[in-house]
Amino acid sequence: MHELFVTERAAQAHPDLVGSAREAGVRVSPITDRAAAGLSETVTPQGIVAVCALLDRPLDGLLDDTARLVAVLDGVADPGNAGTVIRVADAAGADAVILTGDSVDPHNGKCVRASAGSVFHLPLSRTRDIAAALAACRAAGLRLLAAHGYAETELGAVDAAGPTAWVFGNEAHGLAPGVLAAVDLPVRIPLYGAAESLNLATAAAVCLYTSAMAARRPVG
Ligand SMILES: C[S@@+](CC[C@H](N)C(=O)[O-])C[C@H]1O[C@@H](n2cnc3c(N)ncnc32)[C@H](O)[C@@H]1O
């Protein structure tokens with residue numbers, strides 16, 4: 001059986017969708033924003049089918065010059081990774097997450113669960129066109145930093161406090177040369193042990209929190 005969980009805001013924005021669901025015999029359950037955040041704790045991943053599709057935003061108009069921190073995920077294949085990045089982006093105070101290329105659907109149940117509800121309140125946008133995503137970030141005044149394990153510049157040498165879009169690559173192949181050439185600076189998180197790379201979501205946590213904490217550092 002399908003069940004549609006709807007926040008008040010979503011119901012007001014999409015009365016047609018709620019009406020169609022009722023007509024189709026789908027149970028419609030009102031849910032608070034707070035409860036929506038905990039939804040992933042209370043239902044199985046398979047139980048969440050379409051609720052979050054309401055929050056997918058078009059790239060056009062997603063960002064303006066108030067944006068300070070954005071994560072761009074290019075070709076992210078694992079829904080658990082995508083959800084974990086969305087969660088950490090939310091926690092770090094990011095303005096949006098943009099999924100590009102062949103990235104997994106962020107409304108996939110496993111992704112929703114891994115996000116621990118963050119897919120419900122962080123603006124998400126999807127486009128196959130990473131050039132368009134990078135252009136939108138640049139137009140909003142964000143500096144484009146790519147997290148890349150083979151970059152010359154180490155994270156510690158970067159002033160990451162300004163408005164920043166961090167770009168992350170696919171779990172197996174990383175970022176394509178064209179993407180690395182299109183950003184302002186590829187940046188490497190140093191690895192002190194024998195590990196060849198970090199998990200994507202771990203790298204995202206390091207980079208996004210580096211920017212968030214630098215931007216919020218108390219003066220004096
Ligand atoms: C598992 S890694 C991909 C490794 C892949 N072998 C490659 O060629 O990049 C997935 C993503 O996590 C990020 N990442 C992983 N380790 C990193 C590191 N040491 N420094 C910066 N980013 C890293 C990058 O965005 C990378 O595209």
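The values are calculated or read from the model by the stated rules, or taken from the named source; none is laboratory data. Treat the numbers as computed from the prediction; the structure is a model and nothing was measured. Cβ coordinates were reconstructed from backbone atoms using ideal geometry, including for glycine residues, and neighbour counts include every protein chain displayed. Accessible surface areas use protein heavy atoms only, side chains included; no ligands, DNA or RNA. Shrake-Rupley method; radii C 1.70, N 1.55, O 1.52, S 1.80 Å.
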Got a sec to turn the phi values of the range 162-169 into Karplus ³J(HN,Hα) couplings, 6.51 cos²θ - 1.76 cosθ + 1.60 with θ = phi - 60°, whole Hz, x for Gly and Pro? x, x, 9, 10, 8, 10, 10, x
Any residue on another chain or 5+ positions along whose placed amide H is under 5 Å from the amide H of residue 167 is listed here as 72, 145, 146, 147
Residue-normalised value, i.e. accessible area per residue, for the range 101-220 at 1.4 Å probe, in Å², stands at 49
Springs between alpha-carbon atoms under 10 Å, Gaussian network over the chain: tell me which of 80, 169, 193 tops the mean-square fluctuations. 193
Mind listing the long-range amide H neighbours of residue 7? Cut-off is under 5 Å, sequence gap 5 or more, other chains count too, H placed in the peptide plane at 1.01 Å from N. 31
All other residues with a Cβ under 14 Å from the Cβ of residue 65 taken together, and with Lys, Arg as +1 and Asp, Glu as -1, what is their net charge? +1
Net charge of Cβ neighbours under 13 Å - reference residue 187; Lys, Arg +1; Asp, Glu -1: -2
Within the set of other residues whose C-beta is less than 15 Å from the C-beta of residue 94, count the net charge using Lys and Arg as +1 and Asp and Glu as -1. +2
Taking Cα atoms, the helix 200-215 axis meets the longest principal axis of the chain at an angle in degrees (rounded to 10) of 80
